[in-house]
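Data block below; observations after.
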Amino acid sequence: MEKRELLYSGKAKSVYSTDNPDTMVLEFRNDTSAFDGKKVEQLDRKGMVNNKFNAFIMTKLEEAGIPTHFESLLSDTESAVKRLDMIPLECVVRNVSAGSLCRRLGVDEGIDLDPPTFELFLKNDALGDPMVNEYHARSFGWAEEAHIEIMKKLTFQVNQVLKKMFDDGGLILVDYKLEFGLYKGEVVLGDEFSPDGCRLWDKETREKLDKDRFRQGLGNVIEGYEEVGRRIGVQF
Ligand code: TMP
Ligand code: ASP
């Protein structure tokens, strides 16, 4: 596959066109960003770790019947993916309270949420990714009702698959964010699944092993990601 022009460069990944109009190359960079791009650092090995982590998870999700954009690993830091028309929403499922939920509702971190809760955010750094509801999404034309229903269903299906996988590795999947797009009219999981976009705690000690290590300046950020990968069987 031939990498052609740079189409888009986000906070942590760059997207390239290829000789196939339906396929793109995702390049995972070492850039690490938090707080809507207000804190940015380069972390050694991050591009490689997230690329391989994402490939592992996307493959497991495909095996479970969830359509994803992932096609193949191309190199340590690059993967081939289907070209999607992205829906500008972030779908978040929370199994345990943390992060913005605690700030917004004034609740403690670490409360088990039964049933798990679902939130939508508008992808807009300038506005700080505000939380929106399904009616906003429909009224402004960000996504149509049928597609929102599918995104919600798929996001909860991902929870079934990954909660179990991480639990088997001694980890709690606290929450995670997914992004979807349309491929030939079908809703397909896009973007990435890595410790950049989810929260994972050790089941026994509740140690944070995800991007909160970076957000909160706890150190050993990539070591945390590698520990998670090792426990679920990712080959780095
Ligand atoms: P939050 O607690 O900051 O709302 O985040 C919930 C989960 O979604 C957490 O695992 C981090 C992830 N997330 C992102 O990856 N990118 C984002 O822009 C946002 C808002 C959340
Ligand atoms: N990924 C987003 C950012 O760069 C949000 C976050 O993870 O805190 O700011």
Among the candidates L89, L127, residue that is closer than 22 Å to D191 by Cα and surrounded by 12 or more Cβ atoms within 10 Å (Cβ to Cβ): L89
Subset of region 1-31 that is of a type in the set (G, A, S) and away from ligand 1 (no atom under 14 Å from the Cβ) - its residue that is nearest to K82 (Cα to Cα): S17
Filter pass, F193 being among the hydrophobic types (A, V, I, L, M, F, W, C), assigned to a loop (DSSP other than H, G, I, E, B) and either within 16 Å of ligand 1 (Cβ to nearest atom) or farther than 17 Å from D112 by Cβ (or both): yes
Which listed residue, of G170, G181, is in contact with a helix residue (DSSP H, G or I) (Cβ under 9 Å, 6 or more places away or on another chain) and more than 13 Å from ligand 1 (Cβ to nearest atom): G170
Number of positions in region 87-106 that are away from ligand 2 (no atom under 16 Å from the Cβ), out of contact with any Pro (no Cβ under 6 Å at 6 or more places or on another chain) and either more than 24 Å from H69 (Cα to Cα) or small (G, A, S) (or both): 4
Selection within region 5-59 - free of Cβ contacts under 8 Å to residues at least 24 places away in the same chain, farther than 25 Å from P88 by Cβ and more than 15 Å from the chain's Cα centre (by Cα): D19, N30, Q42
Residue within region 110-121 that is aliphatic (A, V, I, L, M), assigned to a loop (DSSP other than H, G, I, E, B) and out of contact with any Pro (no Cβ under 8 Å at 6 or more places or on another chain) present: yes
Any hit, region 132-153, residues being away from ligand 1 (no atom under 15 Å from the Cβ), within 15 Å of the chain's Cα centre (by Cα) and farther than 22 Å from G37 by Cα: yes
All positions within region 157-172 that are in a loop (DSSP other than H, G, I, E, B) and buried (at least 16 other Cβ atoms within 10 Å of the Cβ): G169
Count - residues of region 32-73 that are in a strand (DSSP E or B), within 14 Å of ligand 1 (Cβ to nearest atom) and buried (at least 16 other Cβ atoms within 10 Å of the Cβ): 3
Region 158-177 residues that are of a type in the set (S, T, Y) and within 16 Å of ligand 2 (Cβ to nearest atom), paired with ones that are at pLDDT 95 or above and not in a helix (DSSP H, G or I) (beta carbon under 6 Å, 6 or more apart): Y176/C198
Number of the condition not met by F53 [criteria: (1) of a type outside the set (A, V, I, L, M); (2) more than 13 Å from ligand 2 (Cβ to nearest atom); (3) at pLDDT below 95]: (3)
Enumeration of residues in region 82-109 that are assigned to a strand (DSSP E or B), touching a Ser or Thr at 6+ places or on another chain (Cβ under 7 Å) and not hydrophobic (A, V, I, L, M, F, W, C): K82, R94
Condition check for E109: over 23 Å from R29 (Cβ atoms), surrounded by fewer than 18 Cβ atoms within 10 Å (Cβ to Cβ), free of Cβ contacts under 8 Å to residues at least 40 places away in the same chain and within 16 Å of ligand 2 (Cβ to nearest atom): yes
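The values are calculated or read from the model by the stated rules, or taken from the named source; none is laboratory data. The structure presented is a predicted model; accordingly, all values stated were derived computationally and were not measured. Ideal geometry is used to build each Cβ from the backbone, glycine not excepted, and the neighbour counts take in all protein chains shown.
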